[in-house]
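Notes follow once the structure below has been shown.
Bear in mind that the values in this text are calculations on the coordinates, not laboratory data. Note that this is a predicted model, so its numbers are computed, not measured. All Cβ positions, even for glycine, are placed from backbone atoms using ideal geometry, and neighbour counts span all protein chains on display.
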Amino acid sequence: MKMQNLALFLMVAVAIGGVAWVFLYPLLSGERAAERRRASVAKSQPAAARVSRGAQKSRREQVEESLKDLEIRNNKSKKPPLQTRIHQAGLNLTKQRFMIFAGGFGMFVFLLLLLIDAGILPALALGFAAAFGLPMWALSFLKKRRENKFLHSFPDSVDVIVRGIKSGLPLLDCMKIIANEAPEPARSEFKAIVETQTIGMPLGEACAKLYERMPVAEANFFGIVILIQQKAGGNLSEALGNLSRVLRDRKKMKAKIQAMSMEAKASAMIIGSLPICVGLLVWLTSPDYIELLWTTELGRIMIAGSACWMSMGVFVMKKMINFDF
């Protein structure tokens, strides 16, 4: 009974700490105030002033200005708002509806555990985790899967633009071809660029906003190339051809890294699951021998310490085998 109370206390503490980190940390750390200040600094100037000033600038100064604008625009908080993450995951939901679904799922789990007489504390802990933990994990999973699909087809989309420009088609017409024929999610993202440009936004800025909907480095590269070419000119087909080559090299490097780290990942999975499997087999064969771990005070302390050390080891191995490039 004491072991169950200790486990429930740890679960509730972790859940409360996660919620406090999500909702209270941005307020206490001043991140939101910094975001508002960056937004006020990054406000665009009137179009007439930009044109009159840009006419006197050299090509080098225009390129530097474009890079600074993109750096200010992308230097935001690492964790975007909930509504932005919902769009990045490819869900057509509002923030309020998502929160209603998450709360309803948590309430369903809470009532289900009450019906099976699991206890009020386990029902509260698991219901809280189902309302705040599982929906956010599902959102991150869908976002990552959508980004991987986009990266799989994005180099081919850039090649379509390169071939279209070399054959004499305008850049916007090449993007319309991708918006009609490319696989998802590249099709919807380029369709959003075309629709944004149709309502009056310059094509360079519309392409730069691709990074806000698809926060991957490849989309940022594409926005930089288009924005600089729109402001400073140059051979767009050559620039996009070089970009396509870079994107394919990054794709090959990512696949190579995954292949080389797969052995380490398999070893980490085996090492992490070995104590649990051995403990389960010992309990099936000799239950009296291993029951001392949860029937005595010293045994419970040993289980808690072992779980902490194993968790630390798993986190360290995860950091060692996950490469960011």
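Dipole size in debye (nearest 20) for the range 258-325 around its Cα centre, Lys and Arg Cβ +1, Asp and Glu Cβ -1?
Numbers: 4 positive and 5 negative charges, 49 e Å.
Its charge dipole is roughly 240 debye.
Pairs to check: K176/K209; K149/K254; K149/K318. Give those whose C-alpha atoms are more than 20 Å from each other in this structure.
K149/K318
Work out, step by step, the length gained on full extension between Y289 and V246: first 0.36 nm times the residue separation, then minus their alpha carbon distance; give nm to one decimal.
On the way: separation 43, 0.36 × 43 = 15.48 nm, distance 5.94 nm.
Computed gain between Y289 and V246 is 9.5 nm.
Between the range 96-165 and the range 232-288, what is the separation of their alpha carbon centroids in Å?
22
Taking the Cβ of C174 as the centre, find all other residues whose Cβ is under 14 Å away and add up their charges (Lys, Arg: +1; Asp, Glu: -1).
Charge balance near C174 sits at +1.
Arranged by the count of other C-beta atoms within 10 angstrom, fewest first, what order do F128, F105, F315, F154 take?
Least to most surrounded, the residues fall as F315, F105, F128, F154.
If you place +1 on the Cβ of every Lys and Arg and -1 on the Cβ of every Asp and Glu, how big does the dipole about the Cα centre of the range 93-234 come out, in debye to the nearest 20? Numbers along the way, then the final one.
Details: 15 positive and 12 negative charges, 19 e Å.
Around 80 debye, computed over the range 93-234.
Most exposed first by the Cβ proxy, i.e. fewest other Cβ within 10 Å, how do M262, M99 rank?
Ordered from fewest to most neighbouring Cβ atoms within 10 Å, M262, M99 come out as M262, M99.
Spin-label point model (7 Å from Cα, Cβ direction): what's the M312 to L281 distance in nm?
For the pair M312/L281, the computed spacing is 2.8 nm.
For L91, project a label point 7 Å along Cα to C-beta. Then give me every residue of the range 115-134 with its amide nitrogen under 16 Å of that point.
Under cut-off, by backbone N: 129-134.
Within the range 144-168, whose backbone N sits under 19 Å from a point 7 Å along Cα→Cβ of E181?
152-168
Å³ per residue of the Cα convex hull, for the range 81-132?
With only Cα atoms used, the range 81-132 gives 70 Å³ per residue.
Tally Lys and Arg at +1 and Asp and Glu at -1 over the other residues with C-beta under 12 Å from the C-beta of M136: what net charge comes out?
The answer is +3.
Which residues does the label zone of K319 cover in the range 262-292, counting backbone N under 19 Å from a point 7 Å along Cα→Cβ?
Answer for this model: 264-265, 268-269, 272.
Stretch L112-Q258 to full length: gain in nm at 0.36 nm per residue minus the Cα-Cα span?
On the way: separation 146, 0.36 × 146 = 52.56 nm, distance 4.05 nm.
Length gained, L112 through Q258: 48.5 nm.
Sum up the charges of everything whose Cβ sits under 15 Å from the Cβ of V246, counting Lys and Arg as +1 and Asp and Glu as -1, but leave V246 out. Don't skip to the end; give the middle numbers.
Values: positive: R245, R248, R250, K251, K252, K254; negative: D156, D159, E218, E238, D249.
Charge balance in the 15 Å sphere: +1.
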